[in-house]
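S.K.: The structure that follows is given in the form of structure tokens.
Just so you know, all these numbers are worked out from the coordinates, no wet-lab data involved. All figures in this text were calculated on a predicted structure; none of them were measured in a lab.
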Amino acid sequence: MVSLSDIITIMRKKHPQTLKAIFHEPVLSNVKWDDIEKLFIAVGAEIEEGRGSRVRIFLNNQVSVFHRPHPRKETDKGALISVRRFLANCGVLP
């Protein structure tokens, strides 16, 4: 399991803030998808482009498919809950 303190040592200042925003209660509606993708990369995930706005994320032997939001840059609450669940299953927690 990767803890927030471990993540802070390997990430830029923005990444721990993004992780906290993903796990914030109540669920936020202003987290930018770009920041989420950068967090995925920082924790060692591989990102594979799919058709259209689909992206596959590979992390710690887990795979998940997400849709990049459009035309807005912010991720909706439902997608953010899915991202949260995926990160938790991968052992990435705040």
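S.K.: What does the helix-only formula give at 222 nm for the chain: each DSSP H stretch with n ≥ 4 adding -39500 (n - 2.57), the total divided by the residues, and the result rounded to the nearest 500 deg cm²/dmol? Walk me through the numbers on the way to the answer.
M.R.: On the way: 4 runs with 39 residues, N = 94.
Value at 222 nm, helices only, nearest 500: -12000 deg cm²/dmol.
S.K.: How high is the relative contact order of region 38-94, in percent, counting Cα pairs under 8 Å that sit 6 or more residues apart? Before the final figure, lay out the partial values.
M.R.: Numbers: 53 pairs, mean separation 12.4, N = 57.
The value is 22 percent.
S.K.: Can I ask one more? Specify whether the C-alpha gyration tensor of region 26-73 places it in the rounded, prolate or oblate class, a ≥ b ≥ c being the square roots of the eigenvalues: rounded for a/c under 1.5, otherwise prolate if a/b is larger than b/c and oblate if not.
M.R.: Details: a/c = 1.98, a/b = 1.26, b/c = 1.56.
Oblate, since a/c reaches 1.5 and b/c is not below a/b.
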